[in-house]
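Let me begin by presenting the structure, written as C-alpha cells, before commenting on it.
The values are calculated or read from the model by the stated rules, or taken from the named source; none is laboratory data. Everything numeric in this text was worked out from a predicted model, so none of it was measured. Cβ placement follows ideal geometry from the backbone for every residue including glycine, while neighbour counts extend to all protein chains displayed.
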Amino acid sequence: MTFDQNVTAPSQALEQEAYPDFFKQRNWDVPAFSVNHLSTRRNKYSLVIPVINEGERIRNQLQATHDLGLSSKVDTIIADGGSTDGSLEPAFLESVNVRSVITKTGPGKLSAQLRCGYAVSLIDGYDGIITIDGNGKDSVESIADFITALEGGVDYAQASRFVPGGRSENTPLSRLLAIRLLHAPMLSLAARRWFSDTTQGFRAYSARYLLDERVQPFRDIFVKYELLAYLTVRASQLGLRTSEVPTARLYPAHEKIPTKISGAGAHMDLVSVLFSTLKGDYHPPHNAQS
C-alpha cells in the first residue's frame, strides 16, 4: 500500500465525503467525523493532538509550538472529541498554523479520536505521525527530537521522563508507582524490550509501521485507551526499530491535575487493557501468533 509522499507540491485535502470511500477501500474502521482543513499539507510529518475541552491549556500549547517555529517542520492536526469550550476558535487556530481540525462525531473516546487523526494523516500522505496530549504537560520543544528519530528510520519512538535527559516534575506518587511497578513492566514484557514510561501519549510512528498489515490500527476494537497500549508493544514484537526520546513531563504544583483518567472505573479499564495487551488480544485475527 503506497500513498503520495511528494511534499514538494503539498497535497490538496480530500473533500469531506471522499474519506469514507478511501477507508472502505482499505477495510479501515474509522468513526464518523467532520474535518476542517485550514491549509494544505506543507511537511513530511503530522502532529496529531487529541483534545476535548482543554481550554487555555491547548491554546498555550499551540502558541508555544508555533513560537518555536515547529510549523515549518510538522503539520498540526487537532483530533477533537467534541469540545464545547471555545478553545478551538478557527481564527486562533489559523494564527498558530494549525493545518486541520477533525471533530469525531461517531462513537468512542481517545482511541477513536486517534483513529480519525491517523487515518486522515495517512491518506493525506505523511511519512510519519507524532502524537502529543493537548493538556500542556509535555515539552513541545521535544517534537523536534521525534522528527529526528523518524528521519533516522525509527518506526516507533516513545517519550520518557525517566531516561537520561528527561525530566519529571510534580508527578503524583500514586502515578509514579503505577508507571514504574505495573504499567511499564507489563507493557515491556509484551513488547519484548524495556520501555520506561509507557503511560505517555507523546510518541511517534512511521507510516510504514501503521500501514503494516500485521498491525492494522483501524479496527473498532480500539475505543478508549487500547490503541496506545497496543501500538507501544507491536513495533518491537514485529522487529521494527524502536527508541525512547527524553522529554519533560510537568504537572502543576498547586492546581488540579489535567487528566481525562479519573475514578475507579477508568483505572480498572487501564488495568484490563494492560492484561489484554499482554495476552495479544489486539493482534489482527489472522496474525494472532505473529
- Query: Can we say Y126 is buried (at least 24 other Cβ atoms within 10 Å of the Cβ) and assigned to a loop (DSSP other than H, G, I, E, B)?
  - Reply: yes
- Task: Assess whether N60 counts as being at positive phi, modelled with pLDDT of 95 or more and polar (S, T, N, Q).
- Result: no
- Among the candidates S174, S139, S168, residue that is touching a Ser or Thr at 6+ places or on another chain (Cβ under 7 Å), of a type outside the set (F, W, Y) and closer than 18 Å to L250 by Cβ: S139
- Members of region 147-180 that are under 25 Å from V215 (Cβ atoms) and in a helix (DSSP H, G or I): I147, T148, A149, L150, E151, I179
- Task: Could you list, in sequence order, all residues of region 181-223 that are of a type in the set (A, V, I, L, M) and part of a loop (DSSP other than H, G, I, E, B)?
- Result: V215, I221, V223
- Message: So, in region 224-239, how many residues would count as being part of a helix (DSSP H, G or I) and either modelled with pLDDT under 95 or surrounded by fewer than 19 Cβ atoms within 10 Å (Cβ to Cβ) (or both)?
- Response: 1
- Message: When the residues of region 250-275 are narrowed to those that are among the hydroxyl-bearing types (S, T, Y) and either over 30 Å from I143 (Cβ atoms) or surrounded by fewer than 14 Cβ atoms within 10 Å (Cβ to Cβ) (or both), which ends up modelled with the highest pLDDT?
- Response: S272
- The lone condition T247 fails out of (1) at pLDDT below 95; (2) surrounded by 14 or more Cβ atoms within 10 Å (Cβ to Cβ); (3) of a type in the set (S, T, Y) is (1)
- Just name the residue that is surrounded by the most Cβ atoms within 10 Å (Cβ to Cβ) out of those in region 50-71 that are over 20 Å from the mean Cα position of the chain (by Cα) and within 20 Å of G128 (Cβ to Cβ). L68
- Item | Whichever residue in region 108-123 is crowded, with 24+ Cβ neighbours inside 10 Å and either assigned to a loop (DSSP other than H, G, I, E, B) or among the polar types (S, T, N, Q) (or both) and, among such residues, is farthest from the chain's Cα centre (by Cα) | S121
- Query: How many of the residues in region 17-59 are part of a helix (DSSP H, G or I) and of a type in the set (G, A, S)?
  - Reply: 2
- Exactly one condition in (1) among the hydrophobic types (A, V, I, L, M, F, W, C); (2) surrounded by 17 or more Cβ atoms within 10 Å (Cβ to Cβ); (3) more than 21 Å from Q61 (Cβ to Cβ) is not met by L181; state its number. (2)
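If we keep just the residues of region 72-104 that are of a type in the set (S, T, N, Q) and exposed (fewer than 13 other Cβ atoms within 10 Å of the Cβ), which is farthest from E226 (Cα to Cα)?
Here the residue is S95.
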- Item | Search result, residues across region 143-200 that are of a type in the set (V, I, T) and without any contact (Cβ under 8 Å) to a residue 60 or more places away in the chain | T148, I179, T198, T199
